[in-house]
Every structure is written in structure tokens, then in C-alpha cells.
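S.K.: Here it is, the structure, as C-alpha cells.
What follows draws every value from the coordinates through simple rules; no lab data is involved. Just so we're clear, the structure is a prediction, and the values are computed from it rather than from any experiment. Cβ atoms come from the backbone with ideal geometry, glycine included; neighbour counts cover every protein chain shown.
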Amino acid sequence: MKKILLLIIFSFTMSFSQTYRDPNANIEDRIHDLLSKMTLEEKIGQMQQKNLDEMNENVLAEVKAGKVGSFLNAGNIQNIISLQKAALNSRLGIPLIIGRDVIHGYKTVLPIPLAQAATWNPELVRKGAEIAAIEAKEEGINWTFSPMLDISRDPRWGRIAESLGEDPYLSSVLGVAMIEGFQGKSLNSKNSIAACGKHYVGYGATEGGRDYNTTLIPESELRNIYLKPFQAVSENGIATFMSAFNDLNGVPTSANSFTLKTILRDEWKFDGFVVSDWGAISELIPHGFAKDGKEAAYKAINAGVNMEMVSQHYAYNLRNLINEGKVDINWIDKMVGDILRIKFKLGLFENPLPQIPEESTILSDFHKQIAKESAIESMVLLQNTDNFLPLKSDIKSVAIIGSLADSQIDQMGCWNVEGKAKDVITPLSAIKSEFGDNIQINYCKGYENPRSSSKDYFEKAKQIVEKSDAAIVFVGEDYLLTGESHSRAFINLPGIQEDLVLELAKTNKPIVLVILSGRPLTFGSLTNAVKSILFSWHPGTMSGPAISDILFGKVSPSGKLPVTFPRSEGQIPLYYNHKNTGRPPADNQLGRKIGTPENPDGFASYYLDVDFTPAYYFGFGLSYTKFVYSDLQLSRNVITNDDKIDVSVKVTNSGNFEAKETVQLYIRDLVGSLTRPVKELKGFKKINLKPGESQIVRFEISVHDLKFYDINMNYVAEPGEFHLFVGSSSNKYDLLQAKFELK
Ligand code: BGC
């Protein structure tokens, strides 16, 4: 009797307890308590993310009825407040998580992610994400669909602009820096928003660079290359992942239980949640993986996609699937619990409404300063014949050619969802306002827009160059040529830009080419026509001041390529960490005449009509000074499992310009049970040296750095010989070399 009484009292207290509302209770207890109070409809509601097409009473009613767990593109802060209030007025008052593509800055627009990767500066990348989070949070956003961690070896793919390049190590380090910036020390800190690693996984290997296309990636390659950055952010506490659009080895990634369950949950113990990409659950049907929406929901939920973005197959089908025994209610609880866990961790139950600061931080001087630093450090000097840059004081007049020099919107690049063109300072306006009093600036747009085919401005542009001491010619891609669904078969300069530069070169005036772009481009025909080439990507709000500071020598460029630049599209995919093959080409096969000889020289792995080397190597970037590398030393040449090798190298600034340099360390595992890449980046350090100054740069290599997934998917370091390289790029001529052995 006593027992029954106690049970009744216990059940009674439980049903009225509000553990889930108690900020001091353990999060797992809060989840458990809340789940125990939720109806199936409310659980399914949490799994629905909607795009806010229009704000109206129906939307608010749906939220109040507990049918929506999240919004994306919710619009202005008033909308967000109204939506959150509706959610708080739902039966259980579960707040919404509000997502947005805060990809490279918010209203203060940072360089595109690929450009940020060219900084090789994790602290700067972290700060960039931090200021983006601060601005976005001020407007009610608490979740960003960033960082994009897709390894990409194909510059035709428009989304390479959103990526951190081709290397798993660089992408991992910078991806972790980004999530630290977004998420802060703890998800519920004042300035933190949840990050989302996307697109899980392999999306960057899309066939032929065609967006949304098939990916075929052997498991060893998946684990050794494509999964690496995702694993790194998972280990560092990322809150969410986004499943991708691509079909991976026959199983679309938004219904792939191998990647979503086995790897993500079982191996990595990830306990946040996975949102599908936009409509990706619907797309299981055209993929030919589900016959209808019900089967799509069944496959996606059982594979482990917690939340459905935009399409509504969960909402329409989960109840029936549960009733039919095809989906287990315990699995639904696990899926919903993961979403609630992040909502609790974000502190949304305690602080659901945006906290508007007394003074807005948006576009603050500090934020613009970070954006400028990031832009400066991202720009890569590819050529500087006769050290023509920085422009010297004998230059009294400069021709600025190219509408990209003054088009505000094009400085921002793709996936810029909140930036306003009017806030951007263009190169032309920055150069005019900084140097216009002392130098005569002559501007002509040269082309109507980067894609136009009219040569109407050629004559005028030529005249202007003729009467100037030097020309700065802005060429490249407009902001719309990269990004989602913006793949190109040819990655040359669009329109008549190449002709324009060749025409201007006839004046024999020195030309500096500034290339704005979201991807690597081919422009080999212009290298002899110009003195210098500065690859500036799409630099964001502070493009102008950053470019002006570099051209006029206030600061030296220090960007290094995070991706290989091919000589021609025919070479793609071309990447530095390739395999050696049985017939690697040799240097004496370079520079051969184009043609089809009967007996190709050496029968090696190269093209008859283009050199096998890239136009510019991964890791490459010049400076206004010269860095000399010497004294590469290893603390030991033989290591066993527990040892570490201390690596040191002396770097000297032997020029007369203070500058930053990224010191890069690569290794090569000479023989493996699976063939190994010819080089793998294992460390880098960005240092600053005054003229004449030297620094000893140190790295540590442990057995952990030598591990890879072997044919049985064991993560192992195999005994044998290793080469170690340190230097200024992945080009063998830029590297010092040493050897060691793992015993
Ligand atoms: C893109 C995602 C993006 C989502 C939401 C999709 O089309 O692939 O990267 O986060 O839209 O805007």
C-alpha cells in the first residue's frame, strides 16, 4: 500500500515537475523531462525547419501549435521576436532555433571563405567568425550554416568559393578556428551562435565540378581526405552538421546511415543534431533512392537526419511510419532529444529573445578593421616582375581600368546574405581618397561589366593608360559567377577582359593586374603582358582599403594559395597531395612543344599539350620581401611509437620590407600498405619578420601525424621511411628536405 502511495505521489510530482525549465538541472534530465511531456505531433514539429517566405498569422499559429522547431531566413529582428514569442506561447514553450547563412561575415562582409583560407591565419579566421556571430546575434540569429568544410579539388565547381580549399589539414585547422569564433567558449555565452559543419559529406568531389552531382569516393579516401575537417570540428564541439545533396557511392548523403550513424554517431560520438540541406530529403526521389515522400522520410530519419529543411516529408509521414512499425518511437526521441540538447546548450530556454545591445556593433570600426586585416592577409601576390610592386614614389599618375575597380556589389562575392553594397569601399574610391591629392588617378571602366563582350571602352582605356605612368587593371569574376549552382566549364577571365589587357599592354606601360574572383582562374596568356598579379578573391566590405594598402606598400601581401591553380581546365582535378603513380613525369618533360609525337617522351603521366605542373602551386604566394630558409634540423631521425620529433628551421627576412610569411611543413610516407600522397601538409606557422630579422620556427611531429586509414580502415602509422619538407610553398623548389624513420 505504502509503495503504491509512493508511486502515485512520484507520478503526480513527475507530471507537474518542470525539470526542463530548470536552468540548474542537468541537460540530459531536462531533455528526458521535456520528451516525456511532448506529444508525437510536438516531437515531429521540432524536426521541421521552415523557410519564412512570408510573415503572417498562419505562420504564427503553426508555431504556437508546436509544428515548427526552427526557421531559416526569418527576416528582420521584429519577425524573429514575433516567432519566438509564438513559440513561447506554445503548450510547452519550446523556443525556436533561428538559422541563417552567415558564411563570411554578416553586415560587415569578410572575404569569401576560400580567401580567408588563403590567410593561413587561424586567429584571424576565428576573429572573423566571432564578429560575424556578434552581428548576427544582435539581430536574433542563433545558428549559422557555416563552416563549409567540403574539400574541393575542382575550381569549376562554383561552391569552391565557400570552401577552405583542397587540403584536409588546412581545412581542419581553419574550420575549428571558425567554430571557435562562432560558438565561443560556451554555446550559451552572450555572443555565441551554433555552427553547422556542411555539407556532410563529399559534396566537393562532385563529378566534373557540376553542382549537385554524383560523388564516388573510396572509403580510404573518404576517411583520409573528405571526412577529416568534419571529424576535427566534431572533436572540437560543433553543435550541428548539415547533410548534403550528393549521392555518395550510390547512397545519397541525406539518407546515408554509414556516414550519419556509423561514422558520425558511433565512431565520433557526436551528440548534436543534423539538419538536411534545403529539400535534400525530397531529392531522394529524383536521386532514385526513394519512390515517394514517405519512403524518403523513412530512409532519412532512420539514417539519422534529425531535422528536415523546408520540405515536409517528416511532418506528413512520420506518424504513419511509426504506426506501421517502420520507425521506432525511441529513435524519434533520440532524434528530437539531439535537437533539444542544442537548444538547451544555447540557453534558449532562459534567453529566447534577442538581446539588443545598447550600442549596435554592426559595421563598427573594430569589425571593419578585422574585415580589412582579413582581406589584406588573404590576397596572394602571384607575380611581381622587377619587384614592380609596391608602386614607387616616382609614379605620379595611375590609370585604373576595369569596372570591377568600382563595383561595390562585386567586392562582396557569393553567399553574402546580409551585406549591403552601399557599405563597401571599392578600390577606386579607396585609392582616390588615400592618394588622390598626390597622384593623378585616371579611371576608365574598360568593360561594361565583367561578362560583357563589347569593346567600346578599349580605345578610351588605352588613351588613359598611355598618359599615365602605370596601370592597375581590375579583372575577374563578378560576385555572381561563383556559389551554389554556379559552375563553369571554362575558368578563364569572362567576356573580353583578356583582350582588353593584351590591348593595354601594347602601350608598353607597366601593368598591375588585380584579379577578383571566387575560384582559381586561368590567365596564362597574360603573364608576359603584365608586371605584377595580385589575386584578391572577393574581399568584402573593406576591399578597397586592403587593396590600396597593398598596392601602395603600406603592407606586404602575405596570402598563400589554399588551392592549386591549374594551367588549363583539362588538368582538373589537379591538387598537390596526389599519388605518385607508377610513371610520374619528370622535369625534363616540361616545356615540350605542343603536338602528338609518335613516341611520347618517357611514356609518363602527363599531357602532350600542357605541362604537368600547375600554374601556381598550393601554398604559393610572393611577398615584397625575400625569405630565406636554412638550418632545417630534426631532433632525431628515428622514432618509435611514443617519440616526438622537434623540427626547427631558420627563416630570415633578407629583403628590406617588414612582412609576414607562412612556414609550411609537409611529409611524405614513402611506402605504405596503401599508396600514400607525394606530400601532406602537417603543420604551418605564420610569422612576422622585420628586415634583416631571423626566427627559428619550431614544429613537433609525433606518430599521430603519420597515421592514416589503411585498407582495413585501421588508423595506423606504418613503420618505414618518411621525408619531411619545410618551406614557403608545396613546390619542391621552395622546400628544404630531411628524412626520418618510424620503427
Ligand atoms: C545550400 C546550403 C545552405 C542552405 C540554406 C542550400 O541550398 O546548399 O549551403 O545553407 O541552402 O540556405
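S.K.: Output the Cα-based Rg and Dmax of segment 379-551 in Å, rounding Rg to one decimal and Dmax to a whole number.
M.R.: Rg then Dmax for segment 379-551, in Å: 14.9, 46.
S.K.: Starting from the amide H of ILE400, placed 1.01 Å from N in the peptide plane, find each other amide H under 5 Å away whose residue is 5 or more places distant or on another chain.
M.R.: Sorted by chain and number, the residues that satisfy this are ASN442, TYR443, CYS444, ILE472.
S.K.: Counting other Cβ atoms within 10 Å of each Cβ, which GluC sites (Glu not before Pro) in segment 296-398 have at most 12 and sit in a DSSP loop? All intermediate terms of the calculation are to be shown ahead of the outcome.
M.R.: Values: sites: GLU308, GLU324, GLU350, GLU358, GLU359, GLU373, GLU377; in loops: GLU324, GLU350, GLU358, GLU359.
Counting only loop positions with at most 12 other Cβ atoms within 10 Å, the GluC sites (Glu not before Pro) in segment 296-398 are GLU324, GLU350, GLU358, GLU359.
S.K.: Next up: Compute for segment 627-742: radius of gyration divided by Kirkwood radius, i.e. Rg/Rh, restricted to C-alpha atoms, rounded to two decimals. Walk me through the numbers on the way to the answer.
M.R.: Numbers: Rg = 15.3 Å, Rh = 14.9 Å.
Answer for segment 627-742: 1.03.
S.K.: With r as the distance between the Cβ atoms of ASN449 and ARG210 and R0 = 35 Å, compute the FRET efficiency 1/(1 + (r/R0)^6) and round to 0.05.
M.R.: 0.90
S.K.: Principal axes first, then extents: for the Cα atoms of segment 463-538, list largest minus smallest coordinate on each axis, whole Å, largest first.
M.R.: The principal-axis extents, from largest down, are 42, 19, 19 Å.
S.K.: Pop a pseudo-label 7 angstrom from the Cα along the beta-carbon direction at both ASP646 and THR581 and give the gap in nm to one decimal.
M.R.: Simple spin-label model gives 4.2 nm for this pair.
S.K.: Hey, another quick one. Do any GluC sites (Glu not before Pro) in segment 51-152 lie in a loop, going by DSSP, with at most 15 other beta-carbon atoms within 10 Å of their beta carbon, and if so which? Before the final figure, lay out each step's value.
M.R.: Numbers: sites: GLU54, GLU57, GLU62, GLU123, GLU130, GLU135, GLU138, GLU139; in loops: GLU54, GLU139.
The qualifying sites are GLU54.
S.K.: Could the peptides 331-342, 688-699 be put in order, highest first, of the mean number of other beta-carbon atoms found within 10 Å of their residues? Intermediate values should be presented prior to the final figure.
M.R.: On the way: 331-342: 20.7, 688-699: 14.7.
So the peptides 331-342, 688-699, ranked by packing, come out 331-342, 688-699.
S.K.: Within the set of other residues whose C-beta is less than 11 Å from the C-beta of VAL671, count the net charge using Lys and Arg as +1 and Asp and Glu as -1.
M.R.: Values: positive: ARG668, ARG676; negative: ASP669, GLU718, GLU721.
In short, -1.
S.K.: While we're here: Could you derive backbone 3J(HN,Hα) for segment 652-662 from the dihedral phi with the Karplus parameters 6.51, -1.76 and 1.60 (θ = phi - 60°), listing whole Hz in sequence and x where the residue is Gly or Pro?
M.R.: In residue order, the calculated couplings are 10, 8, 9, x, 10, 9, 5, 7, 9, 9, 9 Hz.
S.K.: So what are the radius of gyration and Dmax for the Cα set of the chain, in Å?
M.R.: Cα radius of gyration and Dmax of the chain are 27.5, 104 Å respectively.
S.K.: So between SER702 and ARG319, what do we pick up on full extension, going 0.36 nm a residue minus the alpha carbon distance? Mind dumping the intermediate values first?
M.R.: Working: separation 383, 0.36 × 383 = 137.88 nm, distance 5.16 nm.
Length gained between SER702 and ARG319: 132.7 nm.
S.K.: Please compute, for the alpha-carbon atoms of segment 141-295, the extent along each of the three principal axes and give them in descending order in Å.
M.R.: 45, 35, 29
S.K.: Which helices of the chain meet both criteria: a Cα extent of 18 Å or more along the helical axis and a mean Kyte-Doolittle score no lower than 0.0, with helices taken as whole DSSP H segments? Display every interim value, and only then the final one.
M.R.: Working: long enough: 2-16 (21 Å, 1.67); 122-138 (24 Å, -0.24); 168-183 (22 Å, 0.92); 329-345 (24 Å, 0.16); 365-378 (19 Å, -0.80).
Helix filter hits for the chain: 2-16, 168-183, 329-345.
S.K.: Now, a different point. Which loop-located trypsin sites (Lys or Arg not before Pro) does segment 170-269 contain, where loop means any DSSP state but H, G, I, E or B and the Cβ has at most 12 other Cβ atoms within 10 Å? Working shown, then result.
M.R.: Details: sites: LYS185, LYS190, LYS198, ARG210, ARG223, LYS261, ARG265, LYS269; in loops: LYS185, LYS190, ARG210, LYS269.
Those satisfying the criteria are LYS185, LYS190, LYS269.
S.K.: Suppose the chain between GLN440 and GLU358 were pulled fully straight at 0.36 nm per residue; how much longer would it get relative to their current alpha carbon spacing? If you can, show how the numbers build up before the last one.
M.R.: Values: separation 82, 0.36 × 82 = 29.52 nm, distance 4.38 nm.
Between GLN440 and GLU358, full extension yields 25.1 nm more.
S.K.: Using only the alpha carbon atoms of segment 565-640, find the Kirkwood hydrodynamic radius as the inverse mean reciprocal pair distance, in angstroms to one decimal. Let's see the in-between values first.
M.R.: Details: mean 1/r = 0.0636 Å⁻¹.
Mean inverse Cα-Cα distance, inverted, gives 15.7 Å.
S.K.: Can you compute the FRET efficiency between SER186 and GLU459 using 1/(1 + (r/R0)^6), with r the Cβ-Cβ distance and R0 = 51 Å? Round to the nearest 0.05. Don't jump to the answer; show the numbers that get you there.
M.R.: Details: r = 62 Å, r/R0 = 1.21.
Efficiency computed from Cβ-Cβ geometry: 0.25.
S.K.: Further, regarding this structure: Which value in nm describes the separation of the simple spin-label points at ILE711 and ILE329, placed 7 Å from the Cα toward the beta carbon?
M.R.: Here the answer is 4.9 nm between the modelled labels.
S.K.: Using the 2.2 N^0.38 Å rule of thumb for compact globular proteins, work out how segment 335-481 stacks up: its C-alpha Rg over that value, please. Mind dumping the intermediate values first?
M.R.: On the way: Rg = 21.8 Å, N = 147, 2.2 N^0.38 = 14.7 Å.
Here the answer is 1.49, to two decimals.
S.K.: Once Lys and Arg get +1 and Asp and Glu get -1 on their Cβ, which of ALA133, LEU504, ASN449 lies farthest toward the positive end of the dipole of the chain?
M.R.: Result: ALA133.
S.K.: A further question on this structure: Determine, for CYS444, CYS196, CYS414, the number of other Cβ atoms within 10 Å of each Cβ, and report the residues in order from fewest to most. Numbers along the way, then the final one.
M.R.: Details: CYS444 21, CYS196 28, CYS414 24.
Lowest count first: CYS444, CYS414, CYS196.
S.K.: Right, another one. When the gyration tensor of segment 70-144 is built from Cα positions, what are the square roots of 5 times its three eigenvalues, in whole Å, from largest to smallest?
M.R.: Values for segment 70-144, descending: 30, 11, 9 Å.
S.K.: Cα to Cα, under 21 Å, and not fewer than 8 places away if on the same chain: which lysines meet these conditions relative to LYS682?
M.R.: LYS228, LYS560, LYS579, LYS644, LYS650, LYS660, LYS707, LYS732, LYS739, LYS743
S.K.: Which of the peptides 296-303, 483-490, 507-514 is most tightly packed, and how do the rest follow, going by the mean number of other Cβ atoms within 10 Å of each residue?
M.R.: Values: 296-303: 24.5, 483-490: 15.8, 507-514: 20.1.
Descending mean neighbour count gives 296-303, 507-514, 483-490.
S.K.: Mind giving me the nanometre distance, one decimal, between the label points for ASP271 and LYS739, set 7 Å out from Cα along Cα→Cβ?
M.R.: So the label points at ASP271 and LYS739 sit 4.9 nm apart.
S.K.: For all pairs of alpha-carbon atoms in segment 18-345, what percent lies in each bin of width 20 Å, listed from the first bin to the last filled one?
M.R.: 34, 60, 6
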